[in-house]
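Read the structure below first, then the notes.
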Amino acid sequence: GGSERYLEIVEEWRSRGFKFAIDDFGTGYSSLSYLTRFPLDELKIDRSFVIDLDKSEHNANLVAAIIAMARSLNLELVAEGVETRQQYGFLTEHGAAVIQGYLFSKPVPADELRPLLRERHFDYLIRQINRDLEVAV
């Protein structure tokens, strides 16, 4: 069938160094069954979950469970849409390794990108965020 051919193609591309991710996990058509049916490398948790982190304990527990599930399946987890230091703190505390969002930068035109790519720019920013979180605790 079609899915067997798809799996062959995915494995061929993976052998060449490509990685495969589920984007916007937890919304739309993404499903838990994808995690077992397809050879994946990365799970990108949808920003709607990240934004609602601090709205209820239920939302926070759900995000923590998704992170734990991804880690137990040896999937890299990317948290999208991180806007606050508190969201960053929660996600990193629970084991999310890759964080993206407005906390670090809004989308910028190419000419504004160069300063963001200079050595240590984000290292410095992350150290500052971590210091701020330690002071707040």
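The values are calculated or read from the model by the stated rules, or taken from the named source; none is laboratory data. A quick note: this is a predicted structure, and the numbers were derived from the prediction, not measured. Note: ideal-geometry Cβ built from the backbone for every residue, glycine included; neighbour counts use all protein chains shown. SASA here: full protein model, heavy atoms, side chains in, ligands and nucleic acids out. Shrake-Rupley method; radii C 1.70, N 1.55, O 1.52, S 1.80 Å.
log10 I(q)/I(0), Debye, Cα-only the range 46-92, no solvent, q = 0.15, 0.18, 0.28, 0.30 Å⁻¹?
For the range 46-92, the Cα-only Debye profile gives -0.34, -0.48, -1.10, -1.21.
Using 0.36 nm times the number of residues separating residue 134 and residue 60, minus their current alpha carbon distance, what extension gain do you get?
24.6 nm
Kirkwood-based Rg over Rh for the chain (C-alpha set), two decimals?
Rg divided by Rh gives 1.02.
Using a 1.4 angstrom probe, figure out how much accessible area the range 64-137 has per residue, in square angstrom, rounded to the nearest whole.
66 Å²
Taking the Cα centre of the chain as origin, work out the dipole magnitude from +1 charges on Lys and Arg Cβ and -1 charges on Asp and Glu Cβ, in debye rounded to 20.
220 debye
Tally up the carbon and sulfur contribution to the accessible surface of the chain as a whole percent, 1.4 Å probe, everything protein left in place.
53 percent
Non-local amide H neighbours of residue 78 (under 5 Å, H modeled in plane, Pro and chain starts lacking H): which ones?
43, 44, 45
Output the DSSP H helices from the chain with an along-axis C-alpha extent of no less than 18 Å and a mean Kyte-Doolittle hydropathy no less than -1.0.
Those that pass (Cα extent of 18 Å or more, hydropathy at least -1.0) are 57-72, 121-136.
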